[in-house]
Amino acid sequence: MRHAPHAAYSISRSRALLASLRLAVLSFLADPQWLVPSMIAPVIFGLVAYELFLGSGPWFVIYAILGAGMMSMWGQTLYGSGWATGQDRELGTLEPTLSAPTPYLYVVFGRVAWNTVSGLLGGAIVFVVVAVTYGHPLPIVDPVAFALLFAVVIVSLASVGIVLSAAFVYTRYAGFIQNVGEFAFYVGTGCMFPVVLLPFWTTPFALIFPPTWALDALRYQAIPGYHGLPWGFAWDLLGAVVTTSAYLGAAGAVFRRVEHRVLEIGDLSDY
């Protein structure tokens, strides 16, 4: 009996997570415009990149797939994260949801989880289309390791999405930040090409974001002879884990602070 309250609390969080995930899926299906940035535009970019890299060696197809696939996942993560809190602000449900017994982080996580899954679906479509266009077996040496590292990339993107959701509680300009940040982040983290090709002064800024580390590690694993960040695969992987953990911890701290603020004054009029 001593553990009953804790068990009930865990069930409440699970129900909130699943309900948020279900609502995110229904909202996506009810608004077909999201199909353009998440599943149609990345395919077009993937085919364009394929034609640009054509004849550049056996590994060019990996660059095309990773670049366009990451475009799909990042676009969904960025816009979905902004709307994760923006929809509650617009509909007037932000304060009641924040003051509910279940931590708001679980509501946001359900939404971000679906955005990540839908972005991954778009990436899978890019993979199939470019692979069919290529017409040969893809030069992936170790498919299992590739899939595992790709999962690390997805988690790193999700961590950024959760942090953005937390940050967007503090601003009413989430849409502006989304539009400005989409391609800046896409280029700055090395989605289409390694960050080492960018000016040297951009590298410290790129290393702030977990996907920079995860993508570089993925390229080290997938592309023989790849020369990216100078410390190599192992440190890239460690950097991805550390920065992703830091982002998740920061998001949890921000949401707890906001929840305490709502419980104290009853609204978010200061934000």
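Scanning region 90-106 for residues that are surrounded by 13 or more Cβ atoms within 10 Å (Cβ to Cβ) and within 24 Å of the chain's Cα centre (by Cα) yields L94, T97, L98, T102, P103, Y104, L105, Y106. Can we say A64 is crowded, with 18+ Cβ neighbours inside 10 Å and modelled with pLDDT of 75 or more? The answer is yes for A64. Evaluate the following for I125: is it at negative phi, more than 13 Å from the chain's Cα centre (by Cα) and at pLDDT below 80? No: the conditions fail for I125. Please verify whether region 15-30 includes one or more residues that are at pLDDT below 70, part of a helix (DSSP H, G or I) and more than 23 Å from P103 (Cβ to Cβ). No, because not a single residue in region 15-30 is at pLDDT below 70, part of a helix (DSSP H, G or I) and more than 23 Å from P103 (Cβ to Cβ). When we screen V254, V163, V187 for residues that are modelled with pLDDT under 80, closer than 18 Å to G67 by Cα and surrounded by 14 or more Cβ atoms within 10 Å (Cβ to Cβ), the only hit is V187. Beta carbons closer than 7 Å, at least 6 apart along the sequence or on distinct chains, pair a first residue in region 132-156 that is of a type in the set (S, T, N, Q) with a second that is modelled with pLDDT of 80 or more for T133/L47; S156/P210; S156/P211; S156/A214; S156/A240; S156/T244.
A174 - would you say it is closer than 27 Å to G228 by Cα, out of contact with any Cys (no Cβ under 9 Å at 6 or more places or on another chain) and either at pLDDT 65 or above or not polar (S, T, N, Q) (or both)? No, not satisfied.
Yes/no per residue for (1) in contact with a Leu (Cβ under 9 Å, 6 or more places away or on another chain); (2) at pLDDT 75 or above; (3) of a type in the set (A, V, I, L, M); (4) buried (at least 16 other Cβ atoms within 10 Å of the Cβ):
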position	(1), (2), (3), (4)
H136	no, yes, no, no
D142	no, yes, no, no
A145	no, yes, yes, no
L148	no, yes, yes, no
F183	no, no, no, no
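The values are calculated or read from the model by the stated rules, or taken from the named source; none is laboratory data. Model, not experiment: these values are computed from the prediction. In this analysis, Cβ positions are derived from the backbone assuming ideal geometry, glycine residues included, and neighbour counts consider all displayed protein chains.
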